[in-house]
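Written out below as structure tokens is the structure these notes cover.
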Amino acid sequence: MDVRGVGRGGGGYYTEPVLGGGGCGKESWEGNCGVVVAGVGGGSRGGKKGLLDRTSVRNRDAIDGKNDCIFVEEPPSPPTIQLEGRHYPTDEWTNLPSHISSALSRKLHLQPSHPLSITRRLIESRFPGPTYQYHNNLSPIVSVHQNFDSLGFPIDHPGRSRTDTYYVNKDTVLRTHTSAHQADTFRSGTSDGFLISADVYRRDAIDRSHYPVFHQMEGARMWSRDGCKARGGVAAVIMEDIESMPKHGINVEDPNPPFHEKRNPLQVEHTPEEAQAVGAHLKLCLEHVVAEVFGLARAGAVAAGGAGAEGASEEPLRVRWVEAYFPFTSPSWELEVYWQGNWLELLGCGVVQQSLPKNAGVPDKIGWAFGVGLERVAMLLFGIPDIRLFWSCDKRFLGQFKKGEISRFVPFSKFPPCYKDIAFWLPRSGSSVGGQVSFHENDMMEIVRNVAGDLAEDVKLIDEFTHPKTGRKSLCFRINYRSLERTLRNDEANSLQQMVKRVLVEEFGAEVREKSEK
């Protein structure tokens, strides 16, 4: 007999048995029949097995004390994690903490008056239907194949590491980019172009411009070679489309050739004319996006009298194309915008690797794709200084924005920072809890996020030292605790700091250094 409820604890979800009046994971007795039930735990480090093996009762009447019980030992159920109403098995790859799983339901890009949703709709307006379809509600839980293999990521690519990616289990991850849906969307073939907007997840640094959950927009446009034959081929059809597109008034720097044998190679499946036409169409489309977005951002800065506003409206907007490398496009570029005295990297793009449509079952199609971070654009568009604000439920923040309107963010307060340093020795080989020896900088970020959440504004590694005699390594991090909504008391920060220390010791076998140590 196994009646289980579901709860949340530690760094994830865990299953918890309930039987009669017995306690969770404890023996419960009714009549003269002993029924033993055990629970399983599922923390952020992959889950622990239940303390007791489950048993089943072959004769249900025995529970009421009417007959003798016959126990049949069953193998323990694997630990599971519940995400979006579905249970997933966990294993040694699982590294999904509760502060990440709880973000799955937020979907900020779909909240009509949220800055991210306003930004999404603004960019979508530059890619109208029916040529382009919008996909904004795809599940963030994808297979390793969708997220990496289908895009040609090498097996040793650092993005596949547990230090960079949130694994549900060895075969399932939270998408790290919207490109995880690219092959499936190509395969569906419901439109010539598409835009995918979604929340994506990566283990990352803690500062005012990085967050483990952010939002991307993926765009693509494809042409069928067979469908273009009657009109002179793909290159001719694309160039005809380019001629019909309106001009923009921005200055574009593009000193490099359309492709380069070594730096930015032409794919063997493409003719030079096809690649040049696809690249030109891609660049012109994205230049129009920049003209729209930064024109509004400039107007907002001028109206608010913000930094760089003086004379900004009179200067022509400048952009430049920089050769780049991405595993799923070639040739590839990054688009940079000159904004308030600095060149800002805005997005990455390129000609789609022909292996992607080929593997998706549409080998005759050729086209382009791009990816842009919505937070980066929204921070510029609305003048939002801290990425944590997007996740705020404070009405003083959310009340400043309305669907379809661009307004500059007005800071409602600036609370003081609270800096705390923590130095610790990493364990000697084999001496750490569970035998863990390696420690990645992102591990520290996850510890602080788990403990402090959005009360942590910034975490920096400020010192590392290897003892010349023992070979032990010491790290020192500086944590800036600061609330966006109130003044954080020093004793509150101290309490958070103590919890961080406890996790370092208990989960990583670290030895916290005292100030007097040398």
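The values are calculated or read from the model by the stated rules, or taken from the named source; none is laboratory data. A quick note: this is a predicted structure, and the numbers were derived from the prediction, not measured. Note: ideal-geometry Cβ built from the backbone for every residue, glycine included; neighbour counts use all protein chains shown. Remember, those area values only see protein heavy atoms, side chains included, never the ligands or the DNA or RNA. Shrake-Rupley method; radii C 1.70, N 1.55, O 1.52, S 1.80 Å.
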- Assuming Pro246 fulfils every condition listed in (1) part of a helix (DSSP H, G or I); (2) open to solvent by 60 Å² or more (accessible area, probe 1.4 Å) apart from one, which condition is it? (1)
- If you take the residues in region 379-408 that are assigned to a loop (DSSP other than H, G, I, E, B) and under 17 Å from Leu346 (Cβ atoms), which one is least open to solvent (accessible area, probe 1.4 Å)? Ile384
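Which residue out of Ile406, Ile366, Ile387 is within 20 Å of Leu484 (Cα to Cα) and among the β-branched types (Val, Ile, Thr)?
Working: Ile406 fails: within 20 Å of Leu484 (Cα to Cα); Ile366 fails: within 20 Å of Leu484 (Cα to Cα).
Selected residue: Ile387, the only one of Ile406, Ile366, Ile387 that is within 20 Å of Leu484 (Cα to Cα) and among the β-branched types (Val, Ile, Thr).
Conditions tested, residue by residue: (1) outside the structural domain of Leu356 (by the TED database); (2) more than 13 Å from the chain's Cα centre (by Cα); (3) of a type in the set (Asp, Glu).
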residue	(1), (2), (3)
Pro140	no, no, no
Gly152	no, yes, no
Thr165	no, no, no
Asp171	no, yes, yes
Thr178	no, no, no
Gln182	no, yes, no
Arg202	no, no, no
Ile206	no, yes, no
Met222	no, yes, no
- Note on the structure: Only one of Leu455, Leu488, Leu484 is closer than 30 Å to Ala378 by Cβ, aliphatic (A, V, I, L, M), surrounded by 15 or more Cβ atoms within 10 Å (Cβ to Cβ) and without any contact (Cβ under 8 Å) to a residue 60 or more places away in the chain, namely Leu455
- Output the residue which, of all residues in region 69-121 that are over 29 Å from Met445 (Cβ atoms) and in contact with a strand residue (DSSP E or B) (Cβ under 8 Å, 6 or more places away or on another chain), is modelled with the highest pLDDT. Ser77
- Item | Contacts under 6 angstrom Cβ, first residue in region 224-247 being more than 14 Å from Trp368 (Cβ to Cβ), partner outside any helix (DSSP H, G or I) and open to solvent by 80 Å² or more (accessible area, probe 1.4 Å), 6 or more apart | none
- Message: I'd like to check something: does region 314-326 contain any residue that is modelled with pLDDT under 95, closer than 16 Å to Leu380 by Cβ and surrounded by 18 or more Cβ atoms within 10 Å (Cβ to Cβ)?
- Response: yes
- Message: Every residue in region 469-481 that is of a type outside the set (D, E, K, R) and open to solvent by less than 40 Å² (accessible area, probe 1.4 Å), please.
- Response: Ser474, Leu475, Cys476, Phe477, Ile479, Asn480, Tyr481
- All conditions in (1) touching a helix residue (DSSP H, G or I) at 6+ places or on another chain (Cβ under 7 Å); (2) open to solvent by less than 30 Å² (accessible area, probe 1.4 Å); (3) in a helix (DSSP H, G or I) are true of Asp241 except (2)
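Scan region 258-273 and give yes if some residue there is without any contact (Cβ under 8 Å) to a residue 24 or more places away in the chain and surrounded by 14 or more Cβ atoms within 10 Å (Cβ to Cβ), otherwise no.
In the first step, residues of region 258-273 are kept if they are without any contact (Cβ under 8 Å) to a residue 24 or more places away in the chain; the result is 261-262, 268, 272.
Still in the list and also surrounded by 14 or more Cβ atoms within 10 Å (Cβ to Cβ): none.
No: zero hits.
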- Which ones in region 348-369 are open to solvent by less than 10 Å² (accessible area, probe 1.4 Å) and within 20 Å of Leu122 (Cα to Cα)? Cys349, Ala369
- Task: Can you confirm whether region 398-409 contains a residue that is modelled with pLDDT of 95 or more and either β-branched (Val, Ile, Thr) or on the phi > 0 side of the Ramachandran plot (or both)?
- Result: no
- Query: Is there a residue being in contact with a Ser or Thr (Cβ under 7 Å, 6 or more places away or on another chain) and part of a helix (DSSP H, G or I) anywhere in region 180-203?
  - Reply: yes
